[in-house]
Amino acid sequence: MTKRKHKKSKTKSHFLTYIAWTLAFVTVILASLAIGYYVGFSDAQAQTKKQLSQKEKKRLALLKKLDEANVKEGTKSVNERLKEVLKNVQNIDATHEYDSDELAKPPVRKKIIATTQKPKLAIILDDVSVRTQVDAIKNLNLPLTMSFLPPSKARPNSARLAKKEPFYMVHLPMEAMSFTKEEPFTLRVDDSQSKISNRIQKVKELFPRVKYINNHTGSKFTSDERAVNKLVYELKKRNIYFVDSRTIADTKVPKVMKNYGLKYVGRDVFLDHHSDKKYVKGQIKEAIRIAKEHGTAIAIGHPHKNTLLAISESKALFKDVELVLIDKVY
């Protein structure tokens, strides 16, 4: 009886030893697999990082080459486009917008307190109406606001051109004290509320995404409070903002905008009242000075040769301001 118990105990001991060795072996195998996986994963991860780094370097190098090529191409393109503009647009001054040599002063605004943000400058280019002008402006590679004249027999495609742009304004003709050449779409002081409403509706149909309108000429219209009131009433209904080109010092737009509880937005500097390139550059410097003093500024010019050349040659000056579209100024 004692021998049987001893034999049974010995058999059980062998069985436990076998299980222990088996578990130890499995543990070693699993540990080896885990270590191998970890080492392999680390190597793969390092290899992947290396490949991604190489790809990123190649991508950045390619982008740099493309940027350099675009700069060279862009410089060449600007000069070529400006020559094309000259074939269709004379390099004249913009005194047709005003009735006297004395320009209306900028709107009165408070000086800003020192801030870390760059002052903002918006440059609006009026009278845009043909493809060569659009191409020349776009090839400057600057955020410039194009303000399109409504279509006419001489400019049948102005609205179509605007629709292709991500952002645009409408340069709406308004009655002046005296005209050298009146535009066909002109709003007049004696126009009824109904007529002005229909005219703005037509503008909205031609330029579906219009959010900003400024006046072409308009010295008589904007100096008449009743006329301005009728216009602002219609624009407010359609969520369109009026930017006063300030073609006359006695503008009633600030008063009417205040009556409607709207912020007044008006031109600070007129770039090309005279067409001389040196004069335009001086006006650009003045616009930058005003932007620095007040935090924002609006300059208005035209797509004429010397104006575009002056803007192109003043790119270094724009480092002191943030050049923006009109919707980013206020």
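The sole residue among 259, 239 that is assigned by TED's automatic domain parsing to the domain that holds residue 138, on the phi > 0 side of the Ramachandran plot and polar (S, T, N, Q) is 239. Residues of segment 210-246 that are over 21 Å from residue 330 (Cα atoms) and polar (S, T, N, Q): 217, 219, 222, 223, 229.
In segment 221-266, which residue that is more than 20 Å from residue 147 (Cβ to Cβ) and of a type in the set (Lys, Arg) is farthest from the chain's Cα centre (by Cα)? For segment 221-266, the residue satisfying everything is 226.
The values are calculated or read from the model by the stated rules, or taken from the named source; none is laboratory data. The structure presented is a predicted model; accordingly, all values stated were derived computationally and were not measured. So basically every Cβ, Gly included, is an ideal-geometry build from the backbone, and we count neighbours across all protein chains shown.
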